[in-house]
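Structure record follows, encoded as structure tokens.
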Amino acid sequence: EKGGWSSFMAKEVSEQPDAVANTLRGRITAEQVVVPELTEFGDDVLAGVRRIVIIACGTAAYAGQTAKYAIEKWAQVPVDVELSHEFRYRDPVLSDDTLVVSISQSGETMDTLMAVKYAMSLGAKTISICNTQGATIPRESDAVIYTHAGPEVAVASTKAFVAQITALYLFALHLARVRGSLSAAEQATQVAELQSIPEKIATVLGVEDEVRQLAHRMSHTRAVLFLGRHVGFPIALEGALKLKELAYIHAEGFAAGELKHGPIALIEPGQPVFVVVPSPRGSAHLHPKVVSNIQEIRARGARIIAIAELGDAAVLPFADTVIHIPLAAPLFEPLLAVVPLQMFAMELAIAKGLDVDQPRNLAKSVTVE
Ligand code: M6R
């Protein structure tokens, strides 16, 4: 039931604070992460993991790409993120100390299911991150961490994405605790950050009117570019995917550092570019680099829409529009920065008179190859 909302998507975007809060519930004890579903694995098994391979498709794969930074930093295990359909049709090297983590909202994506089965046949242990109780992928996996986003009806994934990142961060912190790679104090700091996210997402939801007006002004746009760096990079990819699938607009996400290696040639006067700007405090080393990217493309006529931390004065002179997000530690910024991008794609689709719940040619779960 849409319950008064104009679309399931609008409802689901607004439910993101709860999606995160519900996914955290029951998994934090005394400022430490203890995911009950992982305890059956045995600490010795988790402590012995030498490599993690994340498999997923679409938005779920971007959740995986985002979490790679946190897992490597906190648990100090190398992480590869693979598209399920690419993974299963080559000869991946896996061993019994590799942990394969699949991510799927529906739990029924055929490519991901087949990739999980393939990984198991090669001897890897598998964990599934899933939003649908009793779905096929979690049933096939050794363990499951459910995201508690609630049913996601709109084809475009929104609340499941933030819940997936939340579950992956819990996984990373559980792993870090078992492996002793993070001190109790550091663990408590990350837990506090996680717990502060629902309220911060609720704050970001307040940019709705601003984003709607922007989308209306841009309703005739033919192509949009998205730039991000570090954890902002998968968010740029996700922003582009949302715009493609909902508003049928050509959109590309790039790592900001790649600009000079090709994409800057696309910049011509009037080209809209969304830039996910890292925090000037938390990412003091990256922030000036992204600001200089903004200056470079602005000098070539790009129209800059910056997603930036509240109080970031450095972007103001160069951006045509700044959408503010609250302060958060760098690894947590994606959970906030993605929200205006989801809203922008939805509002642009609405401005074009499109069906945001059921975009053309797409199905909610892709149960065929
Ligand atoms: O159900 P899954 O999470 O396995 O689905 C994966 C993708 O098909 C899905 O995220 C798709 O990319 C969405 N339509 C994106 O909004």
Exercise for review: Working from Cα positions, state the angle (0 to 90°, nearest 10) between the long axis of helix 159-179 and the longest principal axis of the chain.
Suggested key: 50 degrees
Review point. Under a point spin-label approximation (7 Å from Cα along Cα-to-Cβ), what is the H250-R281 distance to one decimal in nm?
Key: 4.1 nm
Revision key, fill the gap. In this structure, among K11/K117; K200/K242; K125/K200, pairs with alpha-carbon gaps over 27 Å are K11/K117; K125/K200
Practice item. Rounded to the nearest 10 degrees, what's the angle between the helix 184-204 long axis and the longest principal axis of the chain, both from Cα atoms, 0 to 90? Key: 40 degrees
Check your understanding: D209 versus Q76, label points 7 Å from Cα toward the beta carbon: distance in nm?
Key -> 5.0 nm
Point to revise | Qualifying aspartates and glutamates (Cα of each under 13 Å from Cα of K289; at least 8 residues distant if same chain) | key: E258
Review point. Among all the aspartates and glutamates, which ones have a C-alpha under 17 Å from K364's C-alpha, if same-chain residues fewer than 8 places away are not counted?
Key: E1, E12, E108, D111, E152, E238, E245, D355
**Study point:** Full-extension gain in nm, R217 to K117, via 0.36 nm per residue minus C-alpha separation
**Key:** 31.3 nm
**Study point:** A265-A30 pseudo-label distance in nm [points 7 Å out on the Cα-to-Cβ vector]
**Key:** 6.0 nm
Revision key, fill the gap. Taking Cα atoms, the helix 58-74 axis meets the longest principal axis of the chain at an angle in degrees (rounded to 10) of 70 degrees
Check your understanding: For the chain, what is the calculated [θ] at 222 nm in deg cm²/dmol (nearest 500), taking -39500 (n - 2.57) for each run of four or more DSSP H residues and dividing by its residue count?
Key -> -13500 deg cm²/dmol
Study note, to complete from the structure: Taking a ≥ b ≥ c as the square roots of the eigenvalues of the Cα gyration tensor, with a/c under 1.5 meaning rounded and otherwise prolate when a/b exceeds b/c and oblate if not, segment 1-137 is oblate
Exercise for review: Provide the gained length on full extension for the span R50 to A363, in nm with one decimal, where the gain is 0.36 nm per separating residue minus the Cα-Cα distance.
Suggested key: 109.1 nm
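Laboratory data are not the source of any read-out in this text; all were calculated from the coordinates shown. Note that this is a predicted model, so its numbers are computed, not measured. In this analysis, Cβ positions are derived from the backbone assuming ideal geometry, glycine residues included, and neighbour counts consider all displayed protein chains.
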